[in-house]
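A.B. asks: I'd like to ask you about the structure that follows.
What follows draws every value from the coordinates through simple rules; no lab data is involved. Bear in mind that the values here come from a model prediction, so they are computed numbers and not experimental data. Here the Cβ positions follow ideal geometry from the backbone for every residue, glycine too, while neighbour counts run over all protein chains shown.
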Amino acid sequence: MRGDISNINTKIVIAIIQIILIFSIGTFGFNYLLNDITLLEALYLTVITLTTVGYGDISPYANAHPDERVPALIFAIILMIFGMSSFVYAAGILTQYVTSGELKRHQRLKKMLKKISRFSEHYIIIGASETGCYIADELSLLKRPYVIIDTSFKALDDYAGNDKSIYYIQGDATDEKTLLKAGIAKAKRVAITLPSPKDSLFLIMTLKELATKNGWKFEIIAKCPTALFEKKYTMAGVDYIIKSDISVADQIINELYRPVSKTFLDRLRNDKTQIVRIDEVTVSDESPLANTLLKNSQIKKKTGLIICAVKDFSTGNWHINPDGDYLLGSGDILVFVGNLKSSQKLRRLAENV
Amino acid sequence: MYKTNGKTIICGNTKYPLYLMQQLFNTGEEGVLTIRKRVFPKQKDFILITDEQELIKTCSNSFSGITVINAEASDDEVLIEQGIENADAIVISYGDDRENLLITLSTRQLNPSIKIIVTCSMIETMRPKLLRAGADSVISPSTISGNKMAAQLVRPSTTAFLEEFLHSENNNFSAQEIYISKADQNLGLTIINSEYARASLLILAISRDDTDEILYNPPSSYKLQKGDVLLVLGTIPNFQKLSPYTQYHLKDLEIDDPKYSTN
């Protein structure tokens, strides 16, 4: 089967063992039956037999004493018929593996798994649905680490294609092994985008259960198409529900009642040409920004960004357009509008990584 | 001269017409809050065209003021009968994208100035077609949820904050778009010398007349030009410090689009 790593591995290993076995049987067999030839010559004889070359310089007839001839010829016949057919079969599997791109693919998957194992504070998207792929697009655009999980290799392949910056894992997200491969222990948030609310509900419960068992600390975000399931989602332990149908209705209402051209806020939310987003960073303990007055922080000078709002960690209050005398503290959340480059600069400054 | 009858037609067989009506009318006395302003839709201004029996039943029960028509919207006669030629807007939401496309086309033919809002499932292939057929906005449910989920993943606090900030009228903050006309007293002034800086308002972005690009985080030395549209953030008392002229403009802009009204 295409794609399944363990399955491919077994097939390849069997083919290699088969080839080694045939050659050893041939070599040791000739060496044992013919007294005049060396081990190397026996190997040579086996190879020219199995590859149907047969120069005729060494042969089980010419190089045998008269009394060795019968067993040597019988052995040669068996080797020619059974040995050659299984050699061709095994060689065929190996050739197919190399030429069909399976080898490349296998290496890529292995590399991907290795890279994913180094991720931390990353996002996991479950379901390569249209919604899931949209989220992945957005995260790619913002250069945030993420992994997509889907049961279907085809869906993942269709989305990722040859793009090496997309990390995905094929597997069942309710299976602990799949989740571990995706680095769930170090993940920051998990987004569930399965189309069926029943599947989502089951997944939320499984994730929550595993999280409590293993002490994992991710948050779960799920989309909930109907209001009927909201309560159940909450009971199952979801951290945030995206009410997809109501959002659609709200969007239609906004379109109905608003003036003709696009507003700033729409462009901020999803402009694909100019990657500018409203975004946030959290000030960490070690950041040079902690315990600094906003006017002395040099944020504007270093990043070109203006801080639109600050959420004070100690009081939980929002300060819009904070003035220069605001004292930044660790845990404060800074909200700004900016392009990718400046927001990465500010993220480094605030998180001190 | 074209005259509207103020009607909005909703047609479709998906679940969205029902959610739309719930969001429009189940908000009590307060009206619906859109990104820009609060509106008070009346049921008598809405016409629902659908052949989905379940939807007809629910709507007749819960929203008795709405005219419900049991018919296919792909039939031009039905649309004409319901006054499509004078209607304000139409929301088209069928499960089949081809049907959406067909109705968009015929609506645009029948009424060149109606606002057409259409939902679709295959956004990538359908969006350009629908726009070419005359749709004003194309809404993709999966994109909307993807957008919301991505925002929730990477910036949860900001999302919560914006939600509160934009969708609640009880808070003290406001974001406004302000148009700089040729008579504006701030014209030619740098941001730091303008009345916005004096009123402690934050100019977050400027959309300029001459380019499509939006200037974000404008430097305080930026000179305000005619045709600039500013995105301004601040507290309501600070907005009230602005001169009456600017305030008038600001109130005006809330209802009408700047570019649209001045040209």
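A.B. asks: Hand me the trypsin sites (Lys or Arg not before Pro) from region A:32-131 located in a DSSP loop with no more than 15 other Cβ atoms within 10 Å, in residue order please.
C.D. replies: Answer by residue number: A:Arg118.
A.B. asks: What does the average come to when, for each residue of peptide B:133-145, you count the partner chain Cβ atoms lying within 10 Å of its Cβ?
C.D. replies: 6
A.B. asks: Once you put a point 7 Å from the Cα of B:Lys226 and another 7 Å from the Cα of A:Ile25, both along the Cβ direction, what distance in nm separates them?
C.D. replies: With each label placed 7 Å out from Cα toward Cβ, I get 9.5 nm.
A.B. asks: Kindly provide the helix-only [θ] at 222 nm of chain A, computed as the sum of -39,500 (n - 2.57) over DSSP H runs of four or more divided by all residues, to the nearest 500 deg cm²/dmol?
C.D. replies: On the way: 14 runs with 172 residues, N = 353.
When only DSSP H runs of four or more count, the value is -15000 deg cm²/dmol.
A.B. asks: Compute the signed sum of charges (Lys and Arg +1, Asp and Glu -1) over the other residues within less than 9 Å, Cβ to Cβ, of A:Ile241.
C.D. replies: Numbers: positive: A:Lys223, A:Lys243; negative: A:Glu230, A:Asp239.
Net charge around A:Ile241: 0.
A.B. asks: Turning to a different aspect of this structure: Which value, in nm² and rounded to one decimal, describes the direction-averaged projected area of the C-alpha convex hull of chain A?
C.D. replies: The number I arrive at for chain A is 27.7 nm².
A.B. asks: OK, next. Amide H neighbours of B:Ala175 under 5 Å, counting only residues 5+ apart in sequence or on other chains, H built in-plane at 1.01 Å?
C.D. replies: Hits under the 5 Å cutoff: none.
A.B. asks: Oh, and also: Starting at 0 and stepping by 20 Å, how many percent of the alpha carbon pairs of the protein assembly as shown end up in each bin?
C.D. replies: Calculated over all Cα pairs of the protein assembly as shown, the distribution is 16, 39, 26, 11, 8, 1, 0 percent.
A.B. asks: Okay, next question. Working from the alpha-carbon coordinates of region A:162-220, get Rg over Rh, Rh being the Kirkwood radius.
C.D. replies: 0.97
A.B. asks: If you rank B:Met122, A:Met80 by fewest surrounding Cβ atoms within 10 Å, what's the result?
C.D. replies: Ascending number of Cβ neighbours within 10 Å: B:Met122, A:Met80.
A.B. asks: Given a Förster distance of 25 angstrom, what is the FRET efficiency for A:Ile14 paired with A:Arg118, based on the Cβ-Cβ distance and rounded to 0.05?
C.D. replies: About 0.20, to the nearest 0.05.
A.B. asks: In addition: More than 24 Å apart: what percent of Cα pairs in region A:44-184 qualify? Each step should come with its number before you reach the end.
C.D. replies: On the way: 5207 of 9870 pairs.
Summing the P(r) of region A:44-184 above 24 Å gives 53 percent of all pairs.
A.B. asks: Rounded to the nearest 0.05, what FRET efficiency do A:His106 and A:Thr226 give with R0 = 41 Å and r taken as the Cβ-Cβ distance? Could you check?
C.D. replies: Taking R0 as 41 Å, the efficiency between A:His106 and A:Thr226 is 0.45.
A.B. asks: OK, next. Quote the convex hull volume per residue of region A:29-99, based on C-alpha atoms, as a whole number of Å³.
C.D. replies: 84
A.B. asks: Right, here's the next one. Which of A:Tyr326, A:Tyr55 has the fewest other C-beta atoms within 10 Å, and how do the rest follow up to the most?
C.D. replies: By the 10 Å Cβ count, ascending: A:Tyr55, A:Tyr326.
A.B. asks: Here is a follow-up. What are the semi-axes of the equivalent ellipsoid for region B:37-180, taken as the square roots of 5 times the Cα gyration tensor eigenvalues, largest first, in whole Å?
C.D. replies: Over the Cα atoms of region B:37-180, the semi-axes work out to 31, 20, 17 Å.
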